[in-house]
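The values are calculated or read from the model by the stated rules, or taken from the named source; none is laboratory data. All figures in this text were calculated on a predicted structure; none of them were measured in a lab. Neighbour counts are summed over all protein chains in view; Cβ atoms, including those assigned to glycine, are modelled from backbone coordinates with ideal geometry. Quick note on the areas: whole protein, heavy atoms, side chains included, nothing else; ligands and nucleic acids left out. Shrake-Rupley method; radii C 1.70, N 1.55, O 1.52, S 1.80 Å.
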Amino acid sequence: MSSDQKIMLPAGSSFSVEEVQRFRNETKGCSHVVHLNNAGAGLMPDIVTQSQLDHIALEAEIGGYEASALRADGIKEFYTQTALLLNCSPRNIAFTASATDAYTRALSSIPFESGDVILTDKDDFVSNQIQFLSLQKRLGVKVVHINNSPGGGVDLQDLGEKLKKYNPRLLAITHIPTNSGLVQPVDEIAEIFSSYLKESNHTTWYILDACQSAGQMKLDVQKLQCHFLSMTCRKFLRGPRGTGALYISDEALDAGLEPMFIDMRGATWTEHNTYKQQPDAVRYEDWEFAYSTVIGTKAAIEYCRNIGEERIEQQVRLLSQMLRQKLQEIETDRIQVLDRGPALGGLVTFTVNNGNPQTIVSELLKRKINVVPSYREFGIFDFDEKGVSWAVRASPHYYNTLDELDVLVNSLSEIIR
């Protein structure tokens, strides 16, 4: 769809046609592809791209260290913008290379002992689950899963019972899994967890994986009651690849938690056999950064906040609902929409009976439509419960249009026939 073509939006749109046209005009990629892979990596606004190019050019001109020193105020603004995004202080924010990098740093700081329990949901991100199993193998911790409710998502009663039964060292929840439109009931989880902490003398830490929710919906760490929140910036925040952030609560910082491999940015070497950790979240960072990406991420978060997370969330949910409905209306019994749960977000997953995911994705790519395949190994519990081995994932964002959803559905109908 050309940049000057009149766009169509669904009834109840959070944005006017003029606003969406502006978002698209400010995003070069919108004139080249129908991008429905925002859960993989969103299209960067031009201002994000340019801010990185400008800094790389400055590094080439005066030197990398000198460029970061000259742009120190802009780099510092990353922490301010991220703190505003999550409703915390800049001292609680660490820059990381990805959501998994952020998550690993948080996980490595938990003082696990043999016999400790990690209590997690069945829709946790695949890399998190693998890390839990690695800790089980190395340290002798036990991994316990919360049951799902019949309609999908965490069974809240089972969560409360297992918190009291196991007194876990860690509660780990993925807000939105990578292979499903499910949105976990994190507000209710926060209430149950907070009540448990008040009644228990046991120290339990809580990590929330917000990889797919950051930039898609409003996040408030004060309401979420988590000690750590990990996020990426390349997806719905529309930042650069190779960027992420970690929120560390004051409680975790004051308890002295630190990543297993702390370096000279996170601590000062004070004597032959001692070091002093940094008092804030900087202790979770490494010395070396690609500072162009820090500046790009700052620009992306600022762009998101200027639009408004609540409006973005409403638009993403509306477009996703419309897409699920359109997929179900294709005149074939071969398509099965897979998403289920108490609430559904911007990840739309479906499978095609007797279809091949690679063929479908490849044929759509030929038509300049971006979606991705997802496989059982990405979410074994989820795929087994649904009785499928693969899915195609489409993930619209607020700059997508009704016309683009129709292009996907019409192309898919053509391909499977």
- Message: Given axes a ≥ b ≥ c from the Cα gyration tensor, I'd like to know whether region 315-394 is rounded (a/c under 1.5), prolate (a/b larger than b/c) or oblate.
- Response: rounded
- Query: Suppose every K and R has +1 on its Cβ and every D and E has -1 on its Cβ; what is the size of the dipole of region 284-402 about the Cα centre, in Debye to the nearest 20?
  - Reply: 520
- Does anything in region 372-416 have its amide N under 14 Å from the 7 Å Cα→Cβ label point of residue 331, and if so which residues? 410, 413-414
- Query: Counting only protein heavy atoms, what percent of the accessible surface of region 1-133 is carbon or sulfur at a 1.4 Å probe?
  - Reply: 57
- Cα-based equivalent ellipsoid, region 1-68: semi-axes from gyration tensor eigenvalues, Å: 33, 12, 11
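Using a Cα distance threshold of under 19 Å, what count of lysine pairs results for region 138-288 when pairs must be 8 or more residues apart or interchain?
Working: 142/162; 142/164; 142/165; 162/198; 164/198; 165/198; 198/223; 218/235.
Number of lysine pairs found: 8.
All other residues with a Cβ under 11 Å from the Cβ of residue 67 taken together, and with Lys, Arg as +1 and Asp, Glu as -1, what is their net charge?
Local charge sum for residue 67: -3.
So, R0 is 35 Å and r is the distance between the beta-carbons of residue 158 and residue 375; what FRET efficiency does that work out to, to 0.05?
Values: r = 27 Å, r/R0 = 0.78.
Approximately 0.80, to the nearest 0.05.
For region 234-277, what does the alpha-carbon gyration tensor say about shape, rounded, prolate or oblate, given a ≥ b ≥ c as the root eigenvalues, a/c under 1.5 as rounded, and a/b over b/c as prolate? Mind showing how you got there, number by number?
Numbers: a/c = 4.37, a/b = 1.94, b/c = 2.25.
Cα axes put region 234-277 in the oblate bin.
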- Query: Given the convex hull of the Cα atoms of the chain, what is a quarter of its surface area in nm²?
  - Reply: 21.8
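Would you mind working out the accessible area per residue for the chain, using a 1.4 Å probe, and quoting it in Å²? Don't skip to the answer; put the middle values down first.
Working: 17990 Å² over 417 residues.
Accessible area per residue, the chain: 43 Å².
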- Once you list every other residue whose beta carbon is under 9 Å from the beta carbon of residue 291, what net charge do they have if Lys and Arg are +1 and Asp and Glu are -1? 0
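First check a/c for region 30-162, with a ≥ b ≥ c the square roots of the eigenvalues of its C-alpha gyration tensor; if it is under 1.5, answer rounded, and if not, answer prolate when a/b is larger than b/c or oblate otherwise. Intermediate values should be presented prior to the final figure.
Details: a/c = 2.55, a/b = 1.77, b/c = 1.44.
Cα axes put region 30-162 in the prolate bin.
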- Query: Given 10 Å bins starting at zero, what is the percent of C-alpha pairs of region 97-137 in each, up to the one with the largest pair distance?
  - Reply: 25, 61, 14, 0
- Among the aspartates and glutamates, select those whose C-alpha is under 15 Å from the C-alpha of residue 6, and discard any that sit fewer than 8 residues away in the same chain. 18, 19, 403, 404, 406
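Can you give the FRET efficiency to the nearest 0.05 for residue 11 and residue 270, using r as the Cβ-Cβ distance and R₀ = 51 Å? Numbers along the way, then the final one.
Details: r = 63 Å, r/R0 = 1.24.
Plugging the Cβ-Cβ distance into 1/(1 + (r/R0)^6) gives 0.20.
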